[in-house]
Amino acid sequence: MNALICILIIIGISLDVLGTMEIEGAMLGELKRVDITLASLLVIGMQLLFFFGGYIACAMVVRYNIFTYGELTASIIAVSIFVLLGIRLLIKGIRKVFVEERRQEFSLARYMRIILTLCVYTLAAGCACGFTFTSMLLMLITIIICSASVTVGGIFIGYHYGFGSKSTVYYLGTLLLWIAGVYVYVKSIYPLIAG
């Protein structure tokens with residue numbers, strides 16, 4: 001898969017984390033460097049674990065020809081995952097969720113629960129990328145950079161400006177994931193169907 005598309009996928013799933021971190025940052029009573037560092041390390045570790053868990057599992061499925069139509073089936077599943085992840089972000093952007101605003105202290109346990117929920121979708125993205133054999137090294141570097149950036153950026157934006165822009169972030173994530181889905185369709189599925 002194209003390097004740019006790989007980066008778009010990771011940015012797309014990371015924007016979900018950005019929106020969530022904006023909400024969390026808006027509720028922090030005090031912004032401490034140690035808390036931001038712990039939150040960033042937690043997000044990076046969980047994103048890497050879940051993404052590469054899904055990636056390796058699904059790459060093995062394709063490598064050992066578990067599917068009847070191999071590459072075609074894997075590409076169809078990958079496109080479906082990108083479309084569904086995009087729809088999920090679109091719904092999050094449209095839906096107006098009530099957030100009870102109250103100042104609270106940083107809690108690693110609360111962040112762990114939030115990130116674990118988000119990592120289910122990272123696992124799905126890892127599967128989609130495993131089906132299409134994207135570059136593992138590129139994904140590793142991109143996940144580390146994006147996870148750290150969206151965690152720090154989300155907490156900072158939320159702390160200083162509130163969480164009003166999170167809907168825009170979700171719409172952008174939807175667009176990026178759908179671009180990845182269209183790319184996989186055009187490069188992998190359409191030539192097999194047409195030819």
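The values are calculated or read from the model by the stated rules, or taken from the named source; none is laboratory data. Worth saying up front: this structure is predicted, and the values here are computed from it rather than measured. Neighbour counts are summed over all protein chains in view; Cβ atoms, including those assigned to glycine, are modelled from backbone coordinates with ideal geometry. Heads up: the accessible areas ignore ligands, DNA and RNA and are worked out on the full protein's heavy atoms, side chains in. Shrake-Rupley method; radii C 1.70, N 1.55, O 1.52, S 1.80 Å.
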Inset, instruction - Find the residue count for region 21-45, including only residues that are at pLDDT below 85 and within 20 Å of V120 (Cα to Cα). - result: 4
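Answer yes if at least one residue in region 9-16 is part of a helix (DSSP H, G or I) and within 21 Å of A109 (Cα to Cα), and no otherwise.
If we filter region 9-16 for residues that are part of a helix (DSSP H, G or I), which is where we start, we get 9-16.
Next cut, within 21 Å of A109 (Cα to Cα) only: 14, 16.
So far as region 9-16 goes, yes, one or more of its residues are part of a helix (DSSP H, G or I) and within 21 Å of A109 (Cα to Cα).
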Legend entry - Unmet criterion (only one of (1) modelled with pLDDT under 80; (2) open to solvent by less than 50 Å² (accessible area, probe 1.4 Å)) for N65: (2)
Inset, instruction - Considering only region 18-38, state which residues are over 21 Å from L89 (Cβ atoms) and either part of a helix (DSSP H, G or I) or aliphatic (A, V, I, L, M) (or both). - result: M27, L28, L31, R33, V34, D35, I36, T37, L38
Legend entry - region 127-171, residues that are touching a helix residue (DSSP H, G or I) at 6+ places or on another chain (Cβ under 6 Å), within 12 Å of D16 (Cα to Cα) and not basic (K, R): C146, S147, V150, T151, G154, S167, V169, Y170, Y171
Legend entry - Odd one out for L49, checked against (1) closer than 15 Å to T142 by Cα; (2) surrounded by 18 or more Cβ atoms within 10 Å (Cβ to Cβ): (2)
Legend entry - Scan of region 169-195 for residues that are under 15 Å from I77 (Cα atoms) and among the aromatic types (F, W, Y), ordered by number: W178, Y183, Y185, Y190
Inset, instruction - Collect the residues in region 16-26 that are among the aliphatic types (A, V, I, L, M) and open to solvent by less than 20 Å² (accessible area, probe 1.4 Å), keeping them in residue-number order. - result: V17, M21, A26
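If you take just the helices (runs of 4 or more DSSP H) that sit entirely in region 123-195, which of them hold at least 2 residues that are open to solvent by less than 30 Å² (accessible area, probe 1.4 Å) and of a type outside the set (G, A, S)?
Working: elements: 136-161, 166-184, 190-194.
Fully inside region 123-195 and qualifying: 136-161, 166-184.
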